[in-house]
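Q: What follows is a single structure, and I will ask about it in a moment.
The values are calculated or read from the model by the stated rules, or taken from the named source; none is laboratory data. Everything numeric in this text was worked out from a predicted model, so none of it was measured. Using ideal geometry, Cβ is built from the backbone for each residue, glycine included, and neighbour counts are taken over all protein chains shown.
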Amino acid sequence: MPGSLPSPSPTAVDDGAPSSVPVAGPAHLLRVALLMAGSCLPILGAVLIAPVLPKMQDHFASVPGAKALVPLALTVPALALALLAPFAGLIVDRLGRKRLLITATLLYAVFGTAPLWLDSLGAIIVSRALVGVAEAAIMTCCTTLIGDYYSGRRRVKYLALQTMCASASATAFFLLGGAAGSAGWRVPFWVYAVSLVLAPLMATVLTNTASRTGSAETSPGVGQPTFPWRQLTGICALTFFGAMVFYTVPVEMSYLLDDLGVANSGVIGLATAIASAATVGGAIAFARLKRSPEPMLPGVLALCAVGFGVMCLAGSAPLLVVGAVVNCVGTGMLLPALLTGAMSRLAFEDRGRGTGLWMAAFFGGEFVCPLVLLAGESAVGSLAGAVGVLGVVTAAVAVGLWAPRGRTAGRPT
């Protein structure tokens, strides 16, 4: 259990903190739109081809091991992103955010559309791994630039907006992949070419930033190490766990509904969309709160745990959806709270590396989420039971984070 986290600098939530770029006008809106669009590209990579996996399975049925290799085409980008994000962060700090972002966005189109012309399943999986490499750079650069451009409440707002866009785009990309896949399993891969439109706009609109020296947020104290390893290790450990909490409903909802006898794909899609909307609602609520994010973490995790508990005990589809909605309101607040906490600990010179480590923790948790729940299902006998166990662990983490704060609050002055 990560334990309590050191409090961030007050500038993390200070409305008066300076911004390094204009925060109004058409150029500002286009800049934000490009950063949000770039942040959605890894989500596109994660869900777009999910609806066509059965068709891919049929196409490569004669390939030895295809039953295991075809699903790997969906998950390997997340694994590559988790493994390479820290290195992308180092490159971001050394070469600059804008240059790496544009290069990675162009390569994303090259690697993403490669399966249109590849006939080997092994080669397709390699191309998918390379998509993950590009995603690691894109996600790290976009998030780092949000941290560079904005501070105080604006940073909280745009990090929450990033979560909202990612959650909404997951549903949109799933529907898009299903519609395009009706014309053949290769057709959805054309969508990756959209990054060829984004790259020139990024080159024109985005700017590299300089360090805001002298601010409380970016100036280390005397004797303080250059990189906050101890503080970031705690929040990255919590993020790894938080990613499992975050991805449980999107990954397992269809299976839980199936266990309750719901086989209609339209009903399953609607239930998943409702849960996704709840995530967006949680992110909106987070952006509107006028307080430091990290004291909220115990309560947010407790809300997620309650949702898991309802899902575990649900004997009908409507009650399962209620539990998923409660959980997803919590996860919509959880992700930006964790990311804002990490950002508040990073000086300009280390922001790329720190963001890369945070991304590695988050996407690593995403990758192991179904594996952990599968192991839990084997141990307790049902997927709903495994979700219940995860709920108990989530509640324990919430108590572990709250207990030191409670003792501090109750200590006499």
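Q: Got a sec? Which of I284, I274 is assigned to a helix (DSSP H, G or I), over 21 Å from E366 (Cα atoms) and either touching a residue at least 12 places away in the same chain (Cβ under 8 Å) or among the basic types (K, R) (or both)?
A: One residue alone meets the criteria, I284.
Q: Shifting gears a bit: Have a look at G376, G365, G354, G332 and point out the one that is more than 25 Å from I146 (Cβ to Cβ) and either buried (at least 21 other Cβ atoms within 10 Å of the Cβ) or not aliphatic (A, V, I, L, M) (or both).
A: So the residue among G376, G365, G354, G332 that is more than 25 Å from I146 (Cβ to Cβ) and either buried (at least 21 other Cβ atoms within 10 Å of the Cβ) or not aliphatic (A, V, I, L, M) (or both) is G376.
Q: Applying the selection to the stretch 135-194, what residues are farther than 25 Å from H28 by Cα, in contact with a Lys or Arg (Cβ under 7 Å, 6 or more places away or on another chain) and outside any loop (DSSP other than H, G, I, E, B)?
A: Across the stretch 135-194, the qualifying residue is only G181.
Q: OK, next. Determine which member of the set A129, A123, A114, A109 is over 21 Å from M202 (Cα atoms), in contact with a Ser or Thr (Cβ under 7 Å, 6 or more places away or on another chain) and assigned by TED's automatic domain parsing to the domain that holds D58.
A: Testing whether each residue is over 21 Å from M202 (Cα atoms), in contact with a Ser or Thr (Cβ under 7 Å, 6 or more places away or on another chain) and assigned by TED's automatic domain parsing to the domain that holds D58 leaves just A114.
Q: Keeping to the stretch 335-350, report how many residues are buried (at least 20 other Cβ atoms within 10 Å of the Cβ), of a type outside the set (K, R) and outside any helix (DSSP H, G or I).
A: So the answer is 2.
Q: Taking the stretch 368-399 on its own, how many of its residues are closer than 19 Å to T239 by Cα and at pLDDT 90 or above?
A: 12
Q: Looking at A68, A73, A33, A61, which one is under 16 Å from A134 (Cα atoms) and of a type in the set (A, V, I, L, M)?
A: A73
Q: So, of the residues in the stretch 36-73 that are out of contact with any helix residue (DSSP H, G or I) (no Cβ under 8 Å at 6 or more places or on another chain) and in a helix (DSSP H, G or I), which turns out to be modelled with the highest pLDDT?
A: H59
Q: Output the residue which, of all residues in the stretch 115-135 that are without any contact (Cβ under 8 Å) to a residue 60 or more places away in the chain and more than 23 Å from the chain's Cα centre (by Cα), is surrounded by the most Cβ atoms within 10 Å (Cβ to Cβ).
A: It comes out as I124.
Q: Mind listing whichever residues of the stretch 75-100 are crowded, with 19+ Cβ neighbours inside 10 Å and under 18 Å from the mean Cα position of the chain (by Cα)?
A: V76, P77, A78, A80, L81, A82, L84, A85, P86, A88, G89 - these are the residues of the stretch 75-100 that are crowded, with 19+ Cβ neighbours inside 10 Å and under 18 Å from the mean Cα position of the chain (by Cα).
Q: Working only within the stretch 28-61, note down all residues that are surrounded by 24 or more Cβ atoms within 10 Å (Cβ to Cβ), within 13 Å of the chain's Cα centre (by Cα) and of a type in the set (V, I, T).
A: Of everything in the stretch 28-61, nothing turns out to be surrounded by 24 or more Cβ atoms within 10 Å (Cβ to Cβ), within 13 Å of the chain's Cα centre (by Cα) and of a type in the set (V, I, T).
Q: I've got another one for you. Quick one: T355 ticks every box in (1) at pLDDT 90 or above; (2) more than 15 Å from G242 (Cβ to Cβ); (3) among the polar types (S, T, N, Q) bar one, so which box is it?
A: For T355, the failing item is (1).
Q: Would a scan of the stretch 360-379 turn up a residue that is charged (D, E, K, R), under 28 Å from L161 (Cβ atoms) and in a helix (DSSP H, G or I)?
A: Taking every residue of the stretch 360-379 in turn, at least one turns out to be charged (D, E, K, R), under 28 Å from L161 (Cβ atoms) and in a helix (DSSP H, G or I).
Q: Could you say which residue among L303, L373 is of a type outside the set (F, W, Y) and touching a residue at least 60 places away in the same chain (Cβ under 8 Å)?
A: Result of the check over L303, L373: L373.
Q: Please indicate, with yes or no, whether at least one residue in the stretch 255-262 is closer than 19 Å to E377 by Cβ, surrounded by fewer than 19 Cβ atoms within 10 Å (Cβ to Cβ), at pLDDT 80 or above and of a type in the set (G, A, S).
A: Yes, the conditions are met somewhere in the stretch 255-262.
Q: Output the residue which, of all residues in the stretch 159-188 that are among the polar types (S, T, N, Q) and more than 20 Å from T140 (Cβ to Cβ), is surrounded by the most Cβ atoms within 10 Å (Cβ to Cβ).
A: Across the stretch 159-188, the extreme among qualifying residues is T171.
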